[in-house]
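Colleague: Sending over a structure as structure tokens; questions will come in a sec.
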Amino acid sequence: MSSEKMTRKNRAEGFVSARNELSWITTMVFITILAVGWIFPWFGYFVPLCMAGAILPAFVWGRRWCDWWCPRGSFLNQCLDPVSRKTSLPGFMRRLPFRLSMMGIMMAVFSTRIYQLWPDPVKIGGFFIMFLTITTVAGVFVGIAFKPRSWCAFCPVGTMAKWAGTNRYPLHIDENCTECKLCERVCPLGIAPHSYRISGIVADWDCLKCKLCVVKCPQKCLHVGDEDLSRAA
């Protein structure tokens with residue numbers, strides 16, 4: 001293995017370790033807000049803040065927020081891992097028609113209820129908590145049936161972050177790929193980097209930049225577009 005690939009591997013391992021530690025912190029924050037929010041509805045305003053937090057940074061870093069900072073994503077990943085069947089999500093659930101349908105339904109409910117409750121900030125905050133609870137329950141069921149973070153594959157906010165993050169810090173794959181498909185098995189969203197080995201760029205912008213595939217690849221032929229991103233974390 002070349003020194004360059006060893007350096008990439010070491011950086012990726014450090015990145016994944018730091019990510020896992022932070023993930024437990026954001027998981028506890030999520031559980032606390034979800035529980036306390038039913039008593040103090042003002043905590044519901046955590047929801048629109050997270051929505052903005054996912055979309056705005058994506059214009060620079062892609063879906064990195066979804067991997068590092070999304071509290072619900074961390075919760076699903078950490079708490080469902082022991083009980084998840086860890087099978088691939090059906091293809092249609094990752095495709096645009098299904099994702100647009102989910103986005104349309106959820107945004108319609110979101111905007112309608114805010115309009116109905118306006119201008120009472122407490123009731124609106126309470127709705128945010130209820131909305132968060134219902135969608136989290138859905139995410140838990142999907143995460144147990146498939147991979148823990150399967151919800152993230154069609155999350156409306158994640159979809160918007162995907163669009164905003166197109167071409168940002170792509171995952172690269174080189175010609176040494178043997179198509180062992182280990183990268184696909186460890187990917188939280190079931191992306192198949194090995195299928196892009198001819199083009200060299202994994203042009204699936206749902207990629208969370210989590211680097212799990214980079215660490216697991218036996219040929220060390222994967223790397224994120226800017227390896228310095230790990231040191232900035």
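Each value in this text was obtained by applying a stated rule to the coordinates, not by laboratory testing. Since we're looking at a predicted model, the values are computed, not measured. Ideal geometry is used to build each Cβ from the backbone, glycine not excepted, and the neighbour counts take in all protein chains shown.
Colleague: How about the stretch 157-214: which chymotrypsin sites (Phe, Trp or Tyr not before Pro) there lie in a loop by DSSP and see at most 16 other Cβ atoms within 10 Å?
Modeller: When the chymotrypsin sites (Phe, Trp or Tyr not before Pro) of the stretch 157-214 are filtered for loop state and at most 16 Cβ neighbours within 10 Å, nothing remains.
Colleague: What FRET efficiency would be calculated for the residue pair ASN10, ASN176, taking the C-beta separation as r and a Förster radius of 30 Å, to the nearest 0.05?
Modeller: 0.95
Colleague: Any chance you could give the angle, 0 to 90 degrees and rounded to 10, that helix 96-117 forms with the longest Cα principal axis of the chain?
Modeller: Tilt relative to the chain: about 30 degrees.
Colleague: While we're looking at this one, here's another question. For the stretch 171-232, what ratio Rg/Rh do Cα atoms give with a Kirkwood hydrodynamic radius?
Modeller: 0.92
Colleague: Length gain on complete extension for the stretch SER199 to TRP38, per 0.36 nm per residue less the alpha carbon to alpha carbon distance?
Modeller: 53.0 nm
Colleague: Moving on. Short version: what are the Cα gyration tensor semi-axes of the stretch 125-208, square root of 5 times each eigenvalue, largest first, in whole Å?
Modeller: 30, 16, 6
Colleague: Would you mind getting me the FRET efficiency between ALA18 and PHE92? Use the beta-carbon distance for r and R0 = 35 Å, nearest 0.05.
Modeller: With a Förster radius of 35 Å, E is 0.50.
Colleague: Convert each backbone phi in the stretch 26-33 into a coupling constant with the Karplus relation 6.51 cos²θ - 1.76 cosθ + 1.60 (shift: θ = phi - 60°), then list the ³J(HN,Hα) values in order as whole Hz, x for Gly and Pro.
Modeller: Coupling constants for the stretch 26-33: 5, 5, 5, 4, 4, 4, 5, 5 Hz.
Colleague: Could I ask something else about it? For ILE201, enumerate residues with amide H under 5 Å from its amide H, sequence gap 5+ or separate chain, H modeled in the peptide plane.
Modeller: ILE173
Colleague: Which of the listed residues, ASN20, THR87, TYR169, is farthest toward the dipole's positive end in the chain, when Lys, Arg count +1 and Asp, Glu count -1 at the beta-carbon?
Modeller: Most positive-ward Cα: THR87.
Colleague: Using only the alpha-carbon atoms of the stretch 1-138 as identical scatterers, what base-10 log of I(q)/I(0) does the Debye formula give at q = 0.09, 0.18 Å⁻¹?
Modeller: -0.36, -1.24
Colleague: To continue, here is another question. So if we plug the beta-carbon distance of PHE59 and VAL122 into 1/(1 + (r/R0)^6) with R0 = 22 Å, what FRET efficiency do we get, rounded to 0.05?
Modeller: That gives a FRET efficiency of 0.10.
Colleague: Follow-up question, since we're still on this one. Quick one: helix 121-145 against the long Cα principal axis of the chain, what's the angle to the nearest 10°, folded into 0 to 90?
Modeller: That works out to roughly 40 degrees.
Colleague: Taking the convex hull of the Cα atoms, report for the chain its projected area averaged over all directions, in nm².
Modeller: For the chain, averaging the hull's shadow over all directions gives 12.5 nm².
Colleague: What nm distance separates the two modelled labels at THR112 and TRP163, each placed 7 Å from Cα along Cα→Cβ?
Modeller: 2.1
Colleague: Let me ask another. PRE reach from LEU49 (point 7 Å along Cα→Cβ): which of the stretch 96-134 fall under 19 Å by backbone N?
Modeller: Residues 121-133 fall inside that zone.
Colleague: When ranked by the protection proxy of mean other Cβ atoms within 10 Å per residue, highest first, what sequence do the peptides 145-151, 44-50 form?
Modeller: Packing order, densest peptide first, comes out as 145-151, 44-50.
Colleague: In whole Å, largest first, what are the principal axis extents of the Cα atoms in the stretch 57-124?
Modeller: Principal extents (largest minus smallest coordinate, Cα): 42, 32, 27 Å.
Colleague: Could I ask something else about it? What dipole magnitude, in Debye to the nearest 20, does the chain give about its Cα centre under +1 on Lys/Arg Cβ and -1 on Asp/Glu Cβ?
Modeller: Roughly 300 debye, rounded to the nearest 20.
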